[in-house]
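J.: What follows is a structure written as structure tokens; I'll ask about it next.
The values are calculated or read from the model by the stated rules, or taken from the named source; none is laboratory data. Since the structure is predicted, the reported quantities are computational estimates derived from the model, not experimental observations. FYI the Cβ positions are ideal-geometry reconstructions off the backbone, even for glycines, and counts take in every protein chain you see. Surface areas here come from the heavy atoms of the whole protein model, side chains and all, with no ligands, DNA or RNA. Shrake-Rupley method; radii C 1.70, N 1.55, O 1.52, S 1.80 Å.
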Amino acid sequence: TVPAATVTKGLAEVPELKALDPTVTIADGRIDVSGVARIFGIHVPVALTIAPGVSRGHPTFSVDSIKVSGATVSVATLDNYLPGIGNALATGSSLCIASALPRAFELKSVALTTTSIVYTLGADDVPLNSSALAKKGTCSS
């Protein structure tokens, strides 16, 4: 189970979202990300509704909607003002968690609760001893 505060911290590490200084709220089966962008020196509120997913054993986030100053905009329009964010959102941003897990475990599925994201892990033929569990996975750059 990953609480909203941890998701906020993880999303703040996504280079394209870092400038927003994002805050995450998980409620009503969705994830809302809000922050403030500087566009031509003006502070502009940006809000995203994103959906968690899993791709090749990694947690991903894809955009459901984007609002800039309360107006709904497309990913392409957002990218005009905040270069790089549009492409990251269109393709789904991924966070690597392999370095925090035993090497043999893989992320299998994701679900939302009212206040957190629940990830399900799985592994086949893994010895459950301290040596095997101490070997962490790696994240490619």
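J.: Mind checking which residues of segment 4-22 are on the phi < 0 side of the Ramachandran plot and open to solvent by 60 Å² or more (accessible area, probe 1.4 Å)?
T.: Of segment 4-22, the ones on the phi < 0 side of the Ramachandran plot are 4-20, 22.
Across segment 4-22, the qualifying residues are ALA5, THR6, LYS9, GLU13, PRO15, GLU16, LYS18, ALA19.
J.: Could I ask something else about it? Filter segment 63-116 for residues that are part of a loop (DSSP other than H, G, I, E, B), small (Gly, Ala, Ser) and modelled with pLDDT under 75 and give the result. Talk me through it step by step, then tell me what you get.
T.: Initial filter on segment 63-116 (part of a loop (DSSP other than H, G, I, E, B)): 69-70, 73-74, 82-84, 92, 95-97, 101, 103-105, 113-115.
From what is left, the residues that are small (Gly, Ala, Ser) are 69-70, 74, 84, 92, 104.
Across segment 63-116, the qualifying residues are GLY84, GLY92.
J.: Please specify each residue of segment 104-141 satisfying the condition of being among the aliphatic types (A, V, I, L, M), surrounded by 13 or more Cβ atoms within 10 Å (Cβ to Cβ) and without any contact (Cβ under 8 Å) to a residue 60 or more places away in the chain. Spell out the reasoning first.
T.: Of the residues in segment 104-141, the ones among the aliphatic types (A, V, I, L, M) are 104, 107, 110-112, 117-118, 121, 123, 126, 128, 132-134.
Of the ones still in play, those that are also surrounded by 13 or more Cβ atoms within 10 Å (Cβ to Cβ) are 104, 107, 110, 112, 117, 121, 123, 126, 132-133.
ALA104, LEU107, VAL110, LEU121, ALA123, VAL126, ALA132, LEU133, listed by residue number.
J.: Step by step: first the residues of segment 23-62, then only those that are part of a loop (DSSP other than H, G, I, E, B) and either modelled with pLDDT of 85 or more or touching an Asp or Glu at 6+ places or on another chain (Cβ under 7 Å) (or both), then the one that is surrounded by the most Cβ atoms within 10 Å (Cβ to Cβ). Which residue is that? Give the steps one after another, and end with the answer.
T.: Here is the first cut: in segment 23-62, the ones part of a loop (DSSP other than H, G, I, E, B) are 28-29, 40-41, 56-57.
This time we only want the ones that are either modelled with pLDDT of 85 or more or touching an Asp or Glu at 6+ places or on another chain (Cβ under 7 Å) (or both), so: 41, 57.
Details: GLY41: 5, GLY57: 16.
Here the answer is GLY57.
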